[in-house]
1. Mind putting a number on the dipole of region 49-195 about its Cα centre? Charges go on the C-beta only, +1 for Lys and Arg and -1 for Asp and Glu, and I need it in Debye to the nearest 20.
2. Under the Karplus relation 6.51 cos²θ - 1.76 cosθ + 1.60, θ = phi - 60°, what is the ordered set of whole-Hz ³J(HN,Hα) values for region 183-190, x standing for Gly and Pro?
3. Quick one: grab the alpha carbon gyration tensor of region 89-180, order the square roots of its eigenvalues as a ≥ b ≥ c, and give me rounded if a/c is under 1.5, else prolate or oblate depending on whether a/b is larger than b/c.
4. So which chymotrypsin sites (Phe, Trp or Tyr not before Pro) in region 68-151 end up in coil per DSSP with only 15 or fewer other C-beta atoms within 10 Å?
5. Which one, 111, 153, 134, projects farthest toward the positive side of the charge dipole computed for region 106-172 from Cβ point charges (K/R +1, D/E -1)?
6. When 233, 216 are ordered from fewest to most other Cβ atoms inside 10 Å of their Cβ, what list results?
7. May I ask for the distance between the Cα centers of region 152-167 and region 89-117, given as a whole number of Å?
8. Quick one: putting +1 on the C-beta of Lys and Arg, -1 on the C-beta of Asp and Glu, what dipole do you get for region 78-146 around its Cα centre, in Debye to the nearest 20?
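Throughout, read-outs are computed from the coordinates displayed, never taken from laboratory work. Predicted model only: the values in this text are computed from it and were never measured. Cβ placement follows ideal geometry from the backbone for every residue including glycine, while neighbour counts extend to all protein chains displayed.
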Amino acid sequence: MNWKLACYGNGFTALRAALVGICLTQFAMARDRGHDASVETPGDRNERIANEFARTALLFDLDGEPAWRNRTLSAALARSPDSGPPNWHLGRVQVGGRWRTLPQAERLAAAQRDDYRERRNLAGNNVEKLFELAQWCGRNEQADRAEVHYAQVVLHPAASPKLRFAAFQQLDLHYINGRWIDRRQAERLEQQFLAARESIERWREPFQEWMKDLASNHNARRQKAMREIAEVSGVDVVPIMELCIVGADEPFQQLLIGRLDV
């Protein structure tokens, strides 16, 4: 009796899982009909349906039906072989732009590691070969190794100016004010430049008026300009002060320098 109940229970679970799968598949098709075909490519449509199948497979997994789960994921991949969710749920990883099983990925990584070591040994200390090795690493998703070998080229005494410049570019370094800096430093310099330009645009006219007043023979105007300059504060005013110091006469220079020290 217990054996019969157990068999019936297993059969009912499988039937329920199948019905759930059919219902969800029909739901996906209904949603598909609701989409505007004019704005959806066939590839997008297959990707969307594959993702619906992947969600259905998760329900089979929760219901303890691995066979139905795997069938649904296989159906998803038949729709869209490069779809992410079905591949992830099947335990695959993306290597070189292709989805592979873990054993395939491990074999590929081992072969690539051996290939790298062979190329590195062949390159030796030859600067041209080191540059080629860095390029190969970049093409094969080995960014850290590529950076190391580009740095070797930069520091190599036999590197030509052209080759060294190419290595600098690959390292995303920028030549500014006589030195090479990385992207983050370049971005900070750009932000400082924009802030300085904004400061100059904002304060140009007031400082021009104050300089005229300080250069005049009218004592009241000079005193007024000095009072107004003394009230100026804030980091944003520093660039225009530094610019005015260069072309100002000595009294005005001393006044501005005093404000910079505040």
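1. 280
2. Once θ is set to phi - 60°, the couplings for region 183-190 become 4, 5, 5, 4, 5, 5, 4, 5 Hz.
3. Oblate, since a/c reaches 1.5 and b/c is not below a/b.
4. Sparse-neighbourhood loop chymotrypsin sites (Phe, Trp or Tyr not before Pro): none present.
5. The residue sitting most towards the positive pole is 153.
6. 233, 216
7. Centre-to-centre distance over Cα atoms comes out at 33 Å.
8. On the way: 12 positive and 9 negative charges, 38 e Å.
Rounded to the nearest 20 debye, it is 180 debye.
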